[in-house]
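Worksheet: the structure to be examined is printed underneath.
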Amino acid sequence: MDDCPLWRAGGMKVEQQNKGDVLILAVETSCDETAASVVKNGREVLSNVIYTQIALHTRYGGVVPEIASRKHIEKINQVIEEALGQAAVTLQDITAIAVTYGPGLVGALLVGVAEAKAISFASGIPLVGVHHISGHISANYIEYPELEPPFVCLVASGGHSHLVVVKDYGVYEIIGRTRDDAAGEAFDKVARAIGLGYPGGPKIDRLSREGNPEAVSFPRARVAENQYDFSFSGLKSAVLNYLNSCRMKGEEINQADVAASFQKAVIDVLVEHSLHAVKEFGYDRFAIAGGVASNSSLRAALEEQCAAAGIRFYHPSPALCTDNAAMIGAAGYYEFKKGVRHGYDLNAVPNLRLGE
């Protein structure tokens, strides 16, 4: 073990412990990003290293789970070593190890969980499992040191569309969720249908700037049983039907107009539900999180609506909206402070629900 860079001794631990600082080494491998970060006291990012597999999966039109898992195995040690190096610390300086254990792709999650458990076992550093969505929400704490619960947060990503009341650090009440496709999933599927390819969200965001969002009238779904729930499957089908109709009639398809019209339909619903929830629950603070939260039109629409309603709007930088380990470090810090510790029986839970 002495020959491995991960295990080289350092000289900062005593000084940092005297200061009362908590250094979290965080690991994130829930999908196709191999990420590691060192976060100080839940808010200060000392390093945030991400190895992305986007170029690798683009040729297949989406993430291939087996390929993602193998690439995580190949890169994870390198990414962790780089995160420690950039932070100028060693494992002897680390207070706890935080790792995403769900939800996500089971094979990908297992790589990160196994790595974190191995390091914890060999070093004696406490292990803290973190919910991936809690990590996304916690990205706001990094960007906004003054932000504290309670507040309402919209989590919109490739696999999730949640409206969440953040009651306390790590304490959540889901008041709305998707009934079918998540917002990011709809972006990817529509992008593929238009011919833009993967990843769909950023490509539709860019192309929409050249289009007319009023060119095509797409539906805005409402869920009768819960006014805060989302449904994007019908919208996706409407776009596919429109494209098929144009092709059968031999009509030209304006990609930019379709992209802009589809994006506006998604954004209208996300904004309407979010603002309604903030007002109904009596909060004056609203945050966004997740990959779709980096969409420029969504951010602009929410900023405008929140300003008009006197609601403080929190939105992490795009780099902190997509999967990263710094957000896991932030969430892990608050779990650690609450006394959460996991044993070496910690396992990947691909369908882990928020609050479990």
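The values are calculated or read from the model by the stated rules, or taken from the named source; none is laboratory data. Quantities reported herein were computed from a predicted structural model and do not represent experimental measurements. Every residue, glycine as well, gets a Cβ built from its backbone with ideal geometry; the counts of neighbours run over all protein chains shown.
For residue 315, state whether it is in contact (Cβ under 8 Å) with a residue 12 or more places away in the chain and in contact with a helix residue (DSSP H, G or I) (Cβ under 6 Å, 6 or more places away or on another chain). Spelling it out, residue 315 is indeed in contact (Cβ under 8 Å) with a residue 12 or more places away in the chain and in contact with a helix residue (DSSP H, G or I) (Cβ under 6 Å, 6 or more places away or on another chain).
Restricted to the stretch 235-275, and to residues that are under 25 Å from the mean Cα position of the chain (by Cα) and farther than 18 Å from residue 212 by Cβ, which residue is surrounded by the most Cβ atoms within 10 Å (Cβ to Cβ)? Only one residue tops the list, namely 274.
Which of the residues that make up the stretch 22-53 are touching a Pro at 6+ places or on another chain (Cβ under 8 Å) and farther than 21 Å from residue 185 by Cβ? Of everything in the stretch 22-53, just one residue is touching a Pro at 6+ places or on another chain (Cβ under 8 Å) and farther than 21 Å from residue 185 by Cβ, namely 43.
Among the residues that make up the stretch 142-157, is at least one of them buried (at least 24 other Cβ atoms within 10 Å of the Cβ) and either assigned to a helix (DSSP H, G or I) or not assigned by TED's automatic domain parsing to the domain that holds residue 293 (or both)? No: the stretch 142-157 contains no residue that is buried (at least 24 other Cβ atoms within 10 Å of the Cβ) and either assigned to a helix (DSSP H, G or I) or not assigned by TED's automatic domain parsing to the domain that holds residue 293 (or both). Scanning the stretch 68-93 for residues that are part of a helix (DSSP H, G or I) and touching a Gly at 6+ places or on another chain (Cβ under 8 Å) yields a count of 7. Screening the candidates 81, 33 for the property of being at negative phi, modelled with pLDDT of 95 or more and not assigned by TED's automatic domain parsing to the domain that holds residue 193 yields one hit, 81. One residue stands out in the stretch 158-191 among those that are in contact with a Pro (Cβ under 8 Å, 6 or more places away or on another chain) and charged (D, E, K, R): the one that is surrounded by the most Cβ atoms within 10 Å (Cβ to Cβ), namely 188. Selection within the stretch 182-202: residues that are outside any helix (DSSP H, G or I) and at pLDDT 90 or above. The member of this set that is farthest from residue 270 (Cα to Cα) is 195. Among the residues of the stretch 40-67, those identified as in a helix (DSSP H, G or I) and in contact (Cβ under 8 Å) with a residue 12 or more places away in the chain are 54, 56, 57, 58, 65, 66, 67. Highlighted here would be helices (runs of 4 or more DSSP H) found entirely within the stretch 278-356 that include at least 2 residues which are in contact with an Asp or Glu (Cβ under 7 Å, 6 or more places away or on another chain), within 28 Å of residue 22 (Cβ to Cβ) and at pLDDT below 95, but there are none.
Taken residue by residue, the stretch 53-67 has no member that is touching a Ser or Thr at 6+ places or on another chain (Cβ under 9 Å), surrounded by fewer than 24 Cβ atoms within 10 Å (Cβ to Cβ) and at pLDDT 95 or above.
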